[in-house]
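The values are calculated or read from the model by the stated rules, or taken from the named source; none is laboratory data. Keep in mind the model is a prediction, meaning the values are calculated, not measured. Every residue, glycine among them, receives a Cβ derived from its backbone with ideal geometry; neighbour counts consider all protein chains shown.
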Amino acid sequence: MIRAKRSFGGFALLGGLLVIAFLTNLSLGSVEIPLSDTLRWLTGGDTTQANWTYIIREYRLPKALTALLTGSGLALCGLLMQTLFRNPLAGPFVLGISSGASLGAALLIMGASLLAPTAAAWAVSDLSLAVASSLGSLLVLLTVLLVATRLRDAMALLIVGLMFGSITAAVVTVLSSFSQAEQLQQYIFWSYGSVGSLSWGQLGLLSLVFLIGSGISIWLLKGMNALLLGENYAVSLGIPIKRLRLWILLATGLLAGGITAFAGPIAFVGLAVPHLTRQLLPTSDHRLLMPGVLLFGGILMLICDTVAQLPFTSYVLPINAITSVVGAPVVIWLLLRRNRMLF
Amino acid sequence: MAAGCKDQPQGESALPDTGGTASLDVKYARGFEARTDPQGITYLTIRNPWPGASKEYKYALVPREKLAAITFPANAYDAVIPVPVERLVLTSTTHIPALEILDATNTLVGFPGLDYISSPAIRKKIESGSVSELGANEQLNTEMVLAAAPEVVVGFGVSDAPGAYRPVSDAGIPVIFNGDWMEQNPLGKAEWIKFFGLLLDAGSRAGEHFREVERAYIEARDLATGAPERPTVLSGALYRDIWYLPGGESWAAAFIEDANARYLWQDASGSGSLSLSLEAVLEKGAGADFWIAPAQFTSYTEMEAANPHYRQFRAFRERRIFGYAATRGPGKGLLYYEMAPTRPDWVLKDLVHFLHPGFLPDYQPVFFKPLDP
């Protein structure tokens, strides 16, 4: 098809950029490891220094893969949400999912210390944080799904999601007011987001979540294209709207909740990437947009992580700061050219 | 009461005369200084109670019996405080040991976060009900503070926005800021006991205690210089993928240097915490001889479960890690946070005992312990 041919150039560019971004992310970091060593290791050889192999294999590689999955997953969620609500400002966390995850994390970090002080110090591990935050987002998701079965209007669902976000934020505020400085600090550090703390096992779990979420999304592509025409048109095309909505919510909840559970809340990637992708691929066909968004999301996250690592210095920036610095101007630019929006 | 003195417009003995005043002997601390005039009034100046403090704080400490007769120009001092203080509110566990050392445990009437106090003498007072719970952290419950009716609140701030103390001082209770946490010199931090000595009219006792601590500290430091080697030391731990550890100019780093060991980040500027990437710490610290103070960890199993990257560190594999997180008082708080600022000699001796085995063979460490398996 003509459209596909025109987009082929865009995909080739995105694919190439992804490979470059991945390699760059692997080779840049606080420790100066020459590119030749990184490439040699990738092709099965050895690095000049033993601990470089450890750094690349056990730290940078899982980090790059996590960034890739996180960026792609969140971007896909953003696409799903923007189509469902036909609103360019919707993002993966518009249903209150990241607020639910924050609630879970806050209950573990700050609540545990109120109930069982001496146990709390070791109860908060990466794994327990992941479990707690996924339970939190699951709770919010289930509530949203329940409400969604009773609501006709997508806009009302959006507002309900925002309200759940406010409720969970309020509970977190109350917990914070009772907490000591150390717990507060731990919670804040969690909210910075981090892609470098996953073990191989956790990465495997994240990949599984990603595969299931994107698998469901592939199945929903035709319905999403129809949704863009408006709900009534979609119904006339024979698309079961209520079921479609539920599945979109489920896919988003799974992806966004799972990602937030492992990497903390990552801001703006889900919101900005679909728009950036639409600039590159001039289409509204989700069958082209979805792979585009997955690639672009991965690229963006890899670049943000490379910057956050502040290469050649030993300092590190929180990744949320970088994604926000990138994402916020995109949102402003969006608001300025609203008349040319697809919605 | 004290506010009444401040508001009276004219004063006969308005400003102190410089002739005949005695200065408080302060050798290491940089945050406070005091002069006492012939009438017995002490003028205390607190400098830099928090980073970027915009002004110095001046306090007049007046002997109780003279309080009614003395008047000061309004706003000449940030607070006028009757000494010896009989009803005191403290806001940090680092202030607590001074009460026990200066034999003034009866003066404490309130504290925010009673559960964190370790001192046995104060815990007895808490159990007898004479100390009120005043809230958590910097959020002093104003009503509870007013109900406790203290004569002075010893507060601490982290920025120019005093927040919690404004309603207290507006209600007429003098607030005095303690800047001991800003001192990076271990002896300077310990010297703040003289600050409490002024408030509790126990100056000679405070001076005596400090001289003893100073002597023991210098003795330990001199002993350490005789060690055959200067081991390399790592500190801190990972949270998520960022490693937090003390800066080179911090109080914690000063102890390591005084124990005749080489802290690997001695040259990193900053007196607070550094946030470094795991890579940087691996590169520099994987071969460190010892690891001091690994954040909140108390056992090797815990560390291994938290992050497998710790196995890359020699000090972890050879089991040469020492921390203070396992040493708790009867309350929820760590003994180190409460007592270490006042007893740097014990901290230094702990470090010398572990970093130079055989140098203090009969010494029983107070704060630091080897990690459990």
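Can you say whether B:Arg311 is basic (Lys, Arg) and more than 14 Å from every other protein chain (Cβ to nearest Cβ), as far as the supplied structure shows? No; evaluated as a whole, the condition is false for this residue.
Conditions (1) assigned to a helix (DSSP H, G or I); (2) among the hydrophobic types (A, V, I, L, M, F, W, C); (3) within 14 Å of chain A (Cβ to nearest Cβ), marked per residue:
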residue	(1), (2), (3)
B:Leu245	no, yes, yes
B:Glu249	no, no, no
B:Ala254	yes, yes, no
B:Asn260	no, no, no
B:Asp267	no, no, yes
B:Gly270	no, no, yes
B:Ser275	no, no, yes
B:Glu279	yes, no, yes
B:Leu282	yes, yes, yes
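Scanning the range B:303-337 for residues that are assigned to a loop (DSSP other than H, G, I, E, B) and either surrounded by 18 or more Cβ atoms within 10 Å (Cβ to Cβ) or not basic (Lys, Arg) (or both) gives B:Asn307, B:Phe313, B:Glu318, B:Arg320, B:Tyr324, B:Ala325, B:Ala326, B:Thr327, B:Gly329, B:Pro330, B:Gly331, B:Gly333. All conditions but one from (1) of a type in the set (A, V, I, L, M, F, W, C); (2) more than 14 Å from chain B (Cβ to nearest Cβ); (3) outside any helix (DSSP H, G or I); (4) closer than 17 Å to A:Leu95 by Cβ apply to A:Leu255; the one that does not is (3). Which ones in the range B:248-263 are over 17 Å from B:Phe359 (Cα atoms) and either acidic (Asp, Glu) or buried (at least 20 other Cβ atoms within 10 Å of the Cβ) (or both)? Those that are over 17 Å from B:Phe359 (Cα atoms) and either acidic (Asp, Glu) or buried (at least 20 other Cβ atoms within 10 Å of the Cβ) (or both): B:Glu249, B:Ser250, B:Trp251, B:Ala252, B:Ala253, B:Ala254, B:Tyr263. In the range A:302-320, the condition of being part of a helix (DSSP H, G or I), among the small types (Gly, Ala, Ser), within 24 Å of B:Ser275 (Cα to Cα) and free of Cβ contacts under 8 Å to residues at least 40 places away in the same chain is met by at least one residue.
Return the residues of the range B:153-189 that are crowded, with 17+ Cβ neighbours inside 10 Å and over 25 Å from B:Glu143 (Cβ atoms); say none if nothing qualifies. Correct list: B:Gly179, B:Asp180, B:Trp181, B:Met182, B:Glu183, B:Gln184, B:Pro186, B:Leu187, B:Gly188, B:Lys189.
A quick yes/no check of all residues on (1) among the hydroxyl-bearing types (Ser, Thr, Tyr); (2) in contact with a strand residue (DSSP E or B) (Cβ under 6 Å, 6 or more places away or on another chain); (3) free of Cβ contacts under 8 Å to residues at least 40 places away in the same chain:
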{"position": "B:Arg314", "(1), (2), (3)": "no, no, yes"}
{"position": "B:Arg319", "(1), (2), (3)": "no, no, no"}
{"position": "B:Ala340", "(1), (2), (3)": "no, no, yes"}
{"position": "B:Arg343", "(1), (2), (3)": "no, no, no"}
{"position": "B:Pro357", "(1), (2), (3)": "no, no, yes"}
{"position": "B:Tyr363", "(1), (2), (3)": "yes, no, yes"}
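Whenever a residue of the range B:285-304 is within 9 Å of chain A (Cβ to nearest Cβ) and farther than 21 Å from B:Asp241 by Cβ, its partners that are of a type outside the set (Phe, Trp, Tyr) and surrounded by 23 or more Cβ atoms within 10 Å (Cβ to Cβ), lying with C-beta atoms within less than 7 angstrom and at least six residues away or across chains, give the pairs B:Thr298/B:Gly323. B:Thr342 - would you say it is buried (at least 20 other Cβ atoms within 10 Å of the Cβ) and within 29 Å of the chain's Cα centre (by Cα)? It is true that B:Thr342 is buried (at least 20 other Cβ atoms within 10 Å of the Cβ) and within 29 Å of the chain's Cα centre (by Cα). Elements of the type helices (runs of 4 or more DSSP H) sitting completely within the range A:3-108 and holding at least 1 residues that are among the hydroxyl-bearing types (Ser, Thr, Tyr) and under 21 Å from the mean Cα position of the chain (by Cα): these cover A:61-85, A:97-106.
Only a single criterion out of (1) away from chain A (no Cβ under 14 Å); (2) more than 18 Å from the chain's Cα centre (by Cα) is not satisfied by B:Ile176, namely (2). Comparison of B:Asp222, B:Asp201 shows that the only residue that is more than 24 Å from B:His309 (Cβ to Cβ) and not in a helix (DSSP H, G or I) is B:Asp201. Against the conditions (1) surrounded by fewer than 19 Cβ atoms within 10 Å (Cβ to Cβ); (2) touching a residue at least 12 places away in the same chain (Cβ under 8 Å), A:Ile259 satisfies every one except (1). Scanning the range A:39-86 for residues that are within 14 Å of chain B (Cβ to nearest Cβ) and among the hydroxyl-bearing types (Ser, Thr, Tyr), we see that the one that is farthest from A:Leu244 (Cα to Cα) is A:Thr48. Taking the conditions (1) of a type in the set (D, E, K, R); (2) away from chain A (no Cβ under 14 Å); (3) over 30 Å from B:Pro112 (Cα atoms) in turn, B:Arg343 satisfies each one other than (3). So is B:Gly329 modelled with pLDDT under 95, within 28 Å of A:Gln49 (Cβ to Cβ) and small (Gly, Ala, Ser) or not? Against the criterion (modelled with pLDDT under 95, within 28 Å of A:Gln49 (Cβ to Cβ) and small (Gly, Ala, Ser)), B:Gly329 does not qualify.
Per-residue answers, yes or no, for (1) surrounded by fewer than 19 Cβ atoms within 10 Å (Cβ to Cβ); (2) over 25 Å from B:Gln296 (Cβ atoms); (3) among the aliphatic types (A, V, I, L, M); (4) away from chain B (no Cβ under 11 Å):
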| position | (1), (2), (3), (4) |
| --- | --- |
| A:Leu127 | yes, no, yes, no |
| A:Ser134 | no, no, no, yes |
| A:Ser176 | yes, no, no, no |
| A:Ser179 | no, no, no, no |
| A:Gly196 | no, no, no, no |
| A:Val209 | no, yes, yes, yes |
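This table checks each residue for (1) touching a helix residue (DSSP H, G or I) at 6+ places or on another chain (Cβ under 6 Å); (2) modelled with pLDDT of 90 or more; (3) surrounded by fewer than 20 Cβ atoms within 10 Å (Cβ to Cβ).
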{"position": "A:Asp153", "(1), (2), (3)": "no, no, yes"}
{"position": "A:Ile159", "(1), (2), (3)": "no, no, yes"}
{"position": "A:Leu162", "(1), (2), (3)": "no, no, yes"}
{"position": "A:Gln186", "(1), (2), (3)": "yes, no, no"}
{"position": "A:Gly204", "(1), (2), (3)": "no, yes, yes"}
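Restricting attention to the range B:199-234, which residues are more than 14 Å from chain A (Cβ to nearest Cβ), farther than 30 Å from B:Glu151 by Cα and in contact with a helix residue (DSSP H, G or I) (Cβ under 7 Å, 6 or more places away or on another chain)? Within the range B:199-234, B:Glu214, B:Ala216, B:Tyr217, B:Ala220, B:Arg221, B:Leu223, B:Ala224, B:Pro231, B:Val233 meet the criteria.
Which of (1) at positive phi; (2) more than 12 Å from chain A (Cβ to nearest Cβ) is the odd one out, the single condition B:Glu318 does not satisfy? All conditions are met except number (1).
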